[in-house]
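Engineer: Just dropping this structure here.
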Amino acid sequence: MAKLFFRYGAMGASKSANALMVDYNYFERGQNTLVMKPEIDNRDGESIVKSRIGIWKEAFIVKKESNLFEETVKTNTAKTIHCVIVDEAQFLSREQVKQLSDVVDYLEIPVIAYGLRTDFQGNLFEGSMWLLAWADSIEEIKTVCFCSHKAIMNARICNGKVVKEGEQIMIGGNESYIALCRKHWKEGKIV
Ligand SMILES: [Zn+2]
C-alpha cells in the first residue's frame, strides 16, 4: 500500500537535503521520481529544489492553479513514476494536499511531502495543516536551538531583530528565518 508521508521540521532542519537523498535512493535503484515544489518559494529563482549543502534537482513548479493529481497522471503515462517528492509543502493549498492523497489512493504512488509545520507567528501553514490531518505517516526532522534544546519554532529576523508582526509569506523581502526552541521563540532571543 502506498502512503502519504509528511516530514516536517523547523528552518534549517535539512528538509531539502533529505528530499534529495530520497530522490537519489530511487535513482540508484533505477526508479523515477516526480519532484515538485510550490512557486512561492523563489529563494533560488529557478525550478530547482536545492539544499544548503549544495545538491539540487530540477522540479515541477506548483502554481496556485496546479492540479497535482493531473500533473502526476500526465508524467506517469508510461507508469514509470515510483514516488512523488514535494519540497516546501507548507505552501500547498488544502485542495492540492487532497490531490496528493488521490495520487496515493488511486495511482498507488507514495508521496513524501516535506515542509515547515508553523509560520513565524506559530500558526499552522495551510499545506501543513492538511498534511497533519490526512497523512498516513507523520515524521519530524529534528534540528536544534542555539541553547541545544530541540528547535520546533521559526523566528523571522529583520535587521538582526526578531519580528512578530507581518504577512505569513513575505515576497521579495530581505528577512531571514531561524529555528528556535519554543521558549526562546516566545522570548524572541536568538543568541
Ligand atoms: Zn532555545
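Engineer: Give me a count of the residues in region 165-181 that are within 11 Å of the ligand (Cβ to nearest atom) and of a type in the set (Val, Ile, Thr).
Structural biologist: Result for region 165-181: 1.
Engineer: How many residues does region 115-152 hold that are within 16 Å of the ligand (Cβ to nearest atom), aliphatic (A, V, I, L, M), surrounded by 22 or more Cβ atoms within 10 Å (Cβ to Cβ) and under 16 Å from the mean Cα position of the chain (by Cα)?
Structural biologist: 0
Engineer: Would you call Val162 over 19 Å from the mean Cα position of the chain (by Cα), in a strand (DSSP E or B) and either within 16 Å of the ligand (Cβ to nearest atom) or aromatic (Phe, Trp, Tyr) (or both)?
Structural biologist: Taking the combined requirement at face value, the residue satisfies it.
Engineer: Looking at region 19-75 only, could you name the residues that are at pLDDT below 90, of a type in the set (A, V, I, L, M) and within 21 Å of Gln168 (Cβ to Cβ)?
Structural biologist: Answer for region 19-75, where residues must be at pLDDT below 90, of a type in the set (A, V, I, L, M) and within 21 Å of Gln168 (Cβ to Cβ): just Ile40.
The values are calculated or read from the model by the stated rules, or taken from the named source; none is laboratory data. Because the structure is a prediction, the values reported are computed rather than measured. Every residue, glycine as well, gets a Cβ built from its backbone with ideal geometry; the counts of neighbours run over all protein chains shown.
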